Amino acid sequence: MHRRFSPLALLAALGLAALGATSARAADCPAWLDRDFPRLRSAGTVNLCKVAAGKPLLVVNTASYCGYTPQFKGLEALHQKYRDRGLVVVGFPSDDFNQEDADQAKTADVCYVNYGVKFTMLAPSPVTGDGANPVFRELARQSRAPGWNFNKYLVAPDGRVVRYFGSSVDPASREMTDAIDQLLAAR
């Protein structure tokens, strides 16, 4: 006996229906996030729209040799706590404040080995001034430019900066977790 499949049933059977849904969500993604960024110490790239389509983001400028570097542990804890609810954490290493290693292997060791980071880490890029990468140009336009390392930007799925947190705000603080909880509840 031969079965007849509708085109949608055939796509679903092949697992392609989810691909179409992801593409539709990516089309709703703000242009400033629809960019390919090199991954930290990898030949691969990350398109933030594909990673975070329809999801809130926590974007952080990081550095390996800063007094705030231990915040990687708290950022990873946020990633673990909220990833199943949709929060995407993305780290942008930068040497804008002269505290990042020129060797990506050493940056990767600090993140992955020293602090056990599993959230998305991108290759180092500028986050301030005229040379800032497109994400940080838009974050500065909507909020403020980083004044130091470990500035944190909570971004709604529509690309709107919901909240800015300075370097001294600990990722485990009630201030941060309350803001994340509120954003996730509003979805």
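The values are calculated or read from the model by the stated rules, or taken from the named source; none is laboratory data. Remember, it's a predicted structure, so these values are computed and weren't measured experimentally. Cβ: placed from backbone, ideal geometry, glycine included. Neighbour counts: every protein chain shown.
Values for this structure:
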| quantity | calculated |
| --- | --- |
| Matching residues, region 140-187, being among the basic types (Lys, Arg) and modelled with pLDDT under 95 | Arg187 |
| Residue list for region 95-112, restricted to those being polar (S, T, N, Q) and in contact with a Pro (Cβ under 6 Å, 6 or more places away or on another chain) | Thr107 |
| Meets criteria (surrounded by 15 or more Cβ atoms within 10 Å (Cβ to Cβ) and either over 24 Å from Tyr115 (Cα atoms) or modelled with pLDDT of 95 or more (or both)) for Leu16 | no |
| Selected residue [within 18 Å of Val161 (Cα to Cα), among the β-branched types (Val, Ile, Thr) and touching a residue at least 24 places away in the same chain (Cβ under 8 Å)] from Val110, Val59 | Val59 |
| Count of residues meeting criterion [among the small types (Gly, Ala, Ser) and under 18 Å from Asp34 (Cα atoms)] in region 132-147 | 2 |
| Meets criteria (surrounded by fewer than 19 Cβ atoms within 10 Å (Cβ to Cβ), assigned to a loop (DSSP other than H, G, I, E, B), touching a Ser or Thr at 6+ places or on another chain (Cβ under 7 Å) and not aliphatic (A, V, I, L, M)) for Asp95 | no |
| Count of residues meeting criterion [within 15 Å of the chain's Cα centre (by Cα) and either outside any strand (DSSP E or B) or at positive phi (or both)] in region 138-187 | 11 |
| Residue match in region 87-106 (condition: touching a helix residue (DSSP H, G or I) at 6+ places or on another chain (Cβ under 9 Å), in contact (Cβ under 8 Å) with a residue 60 or more places away in the chain and not acidic (Asp, Glu)) | yes |
| Residue list for region 127-172, filter: of a type in the set (S, T, N, Q) and touching a strand residue (DSSP E or B) at 6+ places or on another chain (Cβ under 8 Å) | Asn133, Gln142, Ser143, Asn149, Asn151 |
| Out of Asp109, Asp130, sole residue that is surrounded by fewer than 18 Cβ atoms within 10 Å (Cβ to Cβ), acidic (Asp, Glu) and not in a loop (DSSP other than H, G, I, E, B) | Asp109 |
| Members of region 29-62 that are aliphatic (A, V, I, L, M) and crowded, with 21+ Cβ neighbours inside 10 Å | Leu33, Leu40, Leu48, Ala52, Ala53, Leu57, Leu58, Val59, Val60 |
